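Read the structure below first, then the notes.
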Amino acid sequence: MDGASRATAMWGAPPMVEILASQVVSGLATGCVYALVALGFVLIFKATDVVNFAQGEFVMASGFISYTLLIWYGLPYWLVFFLTILLSGVMGVVLERVVVRPIMSAPIFSIVIATIGASTVMRSTAGIVYGYDVLPLPTIFSKDPIRLGILNFTRMDVGVIGCSIVIMLALYLFFKWTKTGMAMRATAQSQTAAQLMGVSVRHIFSLTWAISAGIGGIAGVLIAPVIYLDPNLGIIGVKAFAGAILGGFGSIPGAIIGGMLLGILENLSGYFFNAGIKQVSTYILLILVLIVRPSGLFGAVAMKRV
Amino acid sequence: MKRFRRGWVVLAAFLVLTLARSPWAVRAAEVGVTDKEIVVGAGVDLTGAVANWGVNIKAGMEAVFNRVNEVGGVHGRKIRLITYDHVYQPPKAVANAKRLVERDKVFIMMGHLGTPTTKAIMGYLEEHKVPNVFPATLASLWATSGKWHVGDVATYADQTWLIIDYLVKERSLTKIASFYQDDEYGLDGHLAGKARLKHFGLEYVAEVDYKRADIDFSSQAAKLKESGAEAVILQAVYREPPRLAEQCHGMGYNPLFIGPSPIVLDKTIELGGKHVEGVIGVEVWPPPTDPGPFLDQYRADMQKYSPNLPLDMTNLYGYQKAALFVEALQRTGRDLTRESLLQAITTIKDWDPGWGLRYSYGGDDRRVMSRAARLVVVKDGKWTKMTDWMELEEGGRR
Amino acid sequence: MKTGASLQALLIVATGIALLVLPNVVDNYVIYIGARLFVYILVALGLNLLTGYAGQVSLGHAAFYAIGAYTAAVLAESLHWPFMICVLAAALFTALVGYVLGLPCLRLSGLYLAMATLGFTLIVQEMLLQLAVITHGSEGMSVPTPTILGITFDSDYRKYYLLLGVTIVMLIVARNLVRGRTGRAFLAIRDNERAAEAMGVNLAQYKTIAFAISALYTGLAGGLSAFLVGFLDPQEFGFFLSIQFITIIILGGLASLLGSVLGASFLIILPELLAGLDVWQALVYGVIMVLTILFMPFGLSGAIRRYAYRWFGIGVEPIIPRRLGH
């Protein structure tokens, strides 16, 4: 008898539980990726009040960058991993300088449109260079299944969850203990005060975008092997955005938990309903949460500036 | 004030120039046909949901036309292809159709991509008597829509009938499930299968759908496993079967996977690895890697005119459409009109361009050029032929 | 000042004449594009009233558009009502839906409102597929040819004039709305809700009215569009369409009727001008969009107003709209 059946025999866990448990685990893996992308959104938002519609495209672009480095140039996997994150960070800074900085004082909506335009440009460039066919991206985590008691998952799932947690911890430590991290938190709270304390707000902005794009890069490298690369990958940004809203857009832990919750929720509703209802149920839930808590699950009630 | 008035005049002139009718329209005996040229239109998706098909179909068609033009065209006329991007959206498809028909004055619409997009322009084409030749959609609609529409190869509905006959008669399986994309793409085959199963007194034991951009099929896999299906019919493209198979195997569930032509690509094997070993597919035209004079020509043309695109079923699909069209053109002779072209198409019988598959016009109530298909299976990491070319029965959804 | 007013009037008259004459000198393709432009102007007007003037961000307008389109089509197909009745009924129904949607959205603002309305769009899109019995689901739905009082509107020529008429009427309605008490209430709400409340503006009432009117315009546009294009597919009415609508009003200029017209023109006409570029079209379009917003952060209308003031002394220095939402 294999592990799961043994577990079932021993503890009398019904097969339904086993299925649900595995749904939760794979949902958690997807959710971690949503959380990472959501994190990118929230970082930029907290620092600059801008919603970066190109966040999903950062994920897509980094996927293609790693593909290029890995397949066209044949570089070793670990090198590709780090180079991709680096290049994604550079991409973020470039976007900030070219598209956002010039209109920083304009209404927020205009900046958002600029990021939308940028995402269109990124998407069509990817389409022209790589075509619209789907490309597989190899990964070091094997997709072979593992059984642990009643849980059913793959090394890939573990890898994704593990990496995500590591990244989030690293960021937490960065913000809490390093000088730059503190400077970023200060800027997010009040640009004027930070400037008075000698913080170069412009540098902080560039850094924020670099980190956000870098996180998007990691998300891309993690998720692309699972869902295959194509220029329209950026649509994942919408889901991540929803997750961030669910958790509460103003708070980083909120965005993370929201993203993970969303992943799990999607999988569970996918099991009980058909594909269409699955998609819709998450949004219905989101709206219900917002009606009860207008700022998301963990978001602080927005102080309206009079 | 003076500056202002000048600006207005310039703007007006600009508008008039860009939007007004071209004064250089050549008068011709038939729309889209001149002494030296035939203008062919195609509305495809180049940047949207099925952009991969659009880009490749266009390249395939252009390869044929370029080659033919190099030797002087057909009966002294070169073929010019004009394509516009409709991003898989009906309103844009309508706009592009009007542009092609009324401004560019195309002779025919060929290889129009996408079912909803083609449906949206159906009435318009009929109204303007523009033949809708070999649209790039495997829906069953075109076979029975009247004289202005002609399909080319076997549809998903036909193929699913074949699959079900095979499963029930050859493999004696009764527990059959359907995994399908929940849009026009997947529904056609899915519903056709349902009807065919009824013929045998059977039903799907599970009907599991997914949305086109879905990335995770663990819930679908769980439902399929629960149903105990022995075979799962995949109304999907190459992206989903690998992932589904992977997740099913991860749960210890090993059904027979079988599906119509879109899954029969090397890409499927590339993405799925060992998980897709044993998957059965349907081919409605030979793969780009088969031997034979026609495919040799195809490989040479693609190498010459689109070296950046990999050899693929998608561009071969476009290529064979154009080859069929050129054959029809040859048969019309110099006196070329829309009517004479449609007439010539109906004369094509048992025509093999050089790859083993023969085209025959199916008749007025079945306006397609080929009803043949064969089964292939993934063996040792390659698609291998399982059966010979078989003529499919009447397909249909209801 | 007088120069400004008469110049503006002259421009409007000249544009009007050009639009009236246009269908007689161009081909059907251009006429169709013109008709599509009018539809999008209606949507832009509606969305601008809600988001530009009243400050309520909405990514839900693809849903209103879809509801308008499908309601009109279904009424025509199953009940065989005359075309204009179908469209009007659809518009009114959509307005009702808008009103109902506005209620739970009263407490939401900014990003959260955007997300809730986006969720609404996706839910409606899915409903269109699930209710396939009446909407024909993913097969798509053909829309019967419109007739009014026995006159068939089967040519693009006639549809164009019909749409032109409707658009002009709705533009005038919007203009009066904006200049009247409702418009002022909207602006007050947008700029500072607390202050508006303190001044006696009933937030709940005006916000829901804003939703309702906005939905009316968009539903009307959707209904008319259904008959213009002749075919509906649930695919079109999703996230990207909502984003397109928002793009129109921001590029055109928020809280500006002229902006609505210009933005719609940008979105409809530019891709047609770029159509010859095949695969490069989307890229060039994106680049132009980015450049436009970089050079005209207050939208096309903002730029026009600025230059009209600076070069000709027309009007006043345009008021810079404050940040919306949070």
Among C:Ser214, C:Ser225, C:Ser256, C:Ser242, which is more than 13 Å from C:Val43 (Cα to Cα), of a type outside the set (D, E, K, R) and touching a residue at least 60 places away in the same chain (Cβ under 8 Å)? C:Ser256
Evaluate region C:53-75: report whether one residue or more is buried (at least 19 other Cβ atoms within 10 Å of the Cβ), over 20 Å from the mean Cα position of the chain (by Cα), modelled with pLDDT of 90 or more and assigned to a helix (DSSP H, G or I). yes
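To keep it simple, each residue is scored yes or no on (1) within 14 Å of chain C (Cβ to nearest Cβ); (2) among the aromatic types (Phe, Trp, Tyr); (3) assigned to a helix (DSSP H, G or I).
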residue: A:Phe81; (1), (2), (3): no, yes, yes
residue: A:Glu96; (1), (2), (3): yes, no, yes
residue: A:Arg101; (1), (2), (3): yes, no, yes
residue: A:Ala106; (1), (2), (3): yes, no, no
residue: A:Ala114; (1), (2), (3): yes, no, yes
residue: A:Thr120; (1), (2), (3): yes, no, yes
residue: A:Val129; (1), (2), (3): yes, no, yes
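Take B:Leu341 and tell me if it is within 30 Å of B:Tyr166 (Cβ to Cβ), in contact (Cβ under 8 Å) with a residue 60 or more places away in the chain and outside any loop (DSSP other than H, G, I, E, B).
It is false that B:Leu341 is within 30 Å of B:Tyr166 (Cβ to Cβ), in contact (Cβ under 8 Å) with a residue 60 or more places away in the chain and outside any loop (DSSP other than H, G, I, E, B).
Name the residue, out of C:Leu216, C:Leu187, that is more than 30 Å from C:Ala72 (Cβ to Cβ) and part of a helix (DSSP H, G or I).
C:Leu187
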A:Trp72 - would you say it is closer than 30 Å to B:Pro307 by Cα and either more than 10 Å from every other protein chain (Cβ to nearest Cβ) or not polar (S, T, N, Q) (or both)? yes
Selected residue (only one of B:Glu270, B:Glu230, B:Glu207 is surrounded by fewer than 21 Cβ atoms within 10 Å (Cβ to Cβ), more than 10 Å from chain A (Cβ to nearest Cβ) and of a type in the set (D, E, K, R)): B:Glu230
Checked against (1) at pLDDT 90 or above; (2) away from chain A (no Cβ under 14 Å), C:Ser142 satisfies every condition except (1)
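How many of the residues in region A:134-188 are among the hydroxyl-bearing types (Ser, Thr, Tyr) and either surrounded by fewer than 17 Cβ atoms within 10 Å (Cβ to Cβ) or at pLDDT below 70 (or both)?
Pass one, region A:134-188, residues among the hydroxyl-bearing types (Ser, Thr, Tyr): A:139, A:142, A:154, A:164, A:172, A:178, A:180, A:187.
From the residues that got through so far, the ones that are either surrounded by fewer than 17 Cβ atoms within 10 Å (Cβ to Cβ) or at pLDDT below 70 (or both) too are A:142, A:172, A:178, A:180.
Counting residues in region A:134-188 that are among the hydroxyl-bearing types (Ser, Thr, Tyr) and either surrounded by fewer than 17 Cβ atoms within 10 Å (Cβ to Cβ) or at pLDDT below 70 (or both) gives 4.
Take the conditions modelled with pLDDT under 90 and under 18 Å from B:Lys58 (Cα atoms) and apply them to B:Thr83. Does it pass? Quick ask: steps written out before the conclusion?
Details: modelled with pLDDT under 90: no; under 18 Å from B:Lys58 (Cα atoms): yes.
The answer is no for B:Thr83.
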Within region B:115-169, track down each residue that is at pLDDT 90 or above, surrounded by 21 or more Cβ atoms within 10 Å (Cβ to Cβ), part of a loop (DSSP other than H, G, I, E, B) and within 14 Å of another protein chain (Cβ to nearest Cβ). B:Val130
Return the residues of region C:22-32 that are out of contact with any Gly (no Cβ under 8 Å at 6 or more places or on another chain) and either more than 9 Å from chain B (Cβ to nearest Cβ) or surrounded by fewer than 21 Cβ atoms within 10 Å (Cβ to Cβ) (or both); say none if nothing qualifies. C:Asn24, C:Val25, C:Val26, C:Asp27, C:Asn28
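How many residues does region B:174-188 contain that are crowded, with 18+ Cβ neighbours inside 10 Å, farther than 16 Å from B:Ile263 by Cβ and more than 14 Å from chain C (Cβ to nearest Cβ)? Write out each step before concluding.
Going through region B:174-188, the residues crowded, with 18+ Cβ neighbours inside 10 Å turn out to be B:176-188.
Of the ones still in play, those that are also farther than 16 Å from B:Ile263 by Cβ are B:176, B:182-184, B:187.
Now restrict to residues that are more than 14 Å from chain C (Cβ to nearest Cβ): B:176.
Final tally of qualifying residues: 1.
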Within region B:114-135, does at least one residue satisfy the condition of being in contact (Cβ under 8 Å) with a residue 40 or more places away in the chain, in contact with a strand residue (DSSP E or B) (Cβ under 6 Å, 6 or more places away or on another chain) and among the polar types (S, T, N, Q)? no
Looking at (1) among the basic types (Lys, Arg); (2) away from every other protein chain (no Cβ under 14 Å); (3) in a helix (DSSP H, G or I), which is the only condition B:Arg99 fails? (2)
Among A:Ala194, A:Ala224, A:Ala240, the single one that is in contact with a Ser or Thr (Cβ under 8 Å, 6 or more places away or on another chain) and either assigned to a strand (DSSP E or B) or within 14 Å of chain B (Cβ to nearest Cβ) (or both) is A:Ala224
Residue check: is B:Leu191 in contact with a Lys or Arg (Cβ under 7 Å, 6 or more places away or on another chain), surrounded by fewer than 24 Cβ atoms within 10 Å (Cβ to Cβ), part of a helix (DSSP H, G or I) and modelled with pLDDT of 85 or more? yes
Inside region C:99-117, can you point out the residues that are farther than 18 Å from C:Tyr65 by Cβ and without any contact (Cβ under 8 Å) to a residue 24 or more places away in the chain? C:Pro104, C:Arg107, C:Leu108, C:Tyr112
Would you be able to say whether some residue in region C:97-114 is closer than 30 Å to C:Glu193 by Cβ, modelled with pLDDT under 85 and hydroxyl-bearing (Ser, Thr, Tyr)? yes
Close pairs from region B:311-325: first within 12 Å of chain A (Cβ to nearest Cβ), partner β-branched (Val, Ile, Thr), Cβ under 9 Å, at least 6 apart: B:Met313/B:Val264; B:Thr314/B:Val55; B:Thr314/B:Ile57; B:Asn315/B:Val55; B:Asn315/B:Ile57
Single condition A:Leu75 does not satisfy, out of (1) modelled with pLDDT of 90 or more; (2) assigned to a loop (DSSP other than H, G, I, E, B): (1)
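With respect to C:Gly200, is the statement that it is at positive phi, modelled with pLDDT under 95 and more than 17 Å from the chain's Cα centre (by Cα) true? Before you say what the answer is, go through the steps one by one.
Values: at positive phi: yes; modelled with pLDDT under 95: yes; more than 17 Å from the chain's Cα centre (by Cα): yes.
For C:Gly200, the condition - at positive phi, modelled with pLDDT under 95 and more than 17 Å from the chain's Cα centre (by Cα) - is met.
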Right, B:Gln247: of a type in the set (S, T, N, Q) and more than 14 Å from chain A (Cβ to nearest Cβ) or not? no
Working only within region B:51-72, note down all residues that are farther than 20 Å from B:Arg299 by Cα and either part of a loop (DSSP other than H, G, I, E, B) or over 14 Å from the mean Cα position of the chain (by Cα) (or both). B:Gly72
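The values are calculated or read from the model by the stated rules, or taken from the named source; none is laboratory data. All of these numbers come straight from a predicted model, not from anything done at the bench. With ideal geometry, Cβ positions are generated from the backbone for all residues, glycine too; neighbour counts draw on all protein chains shown.
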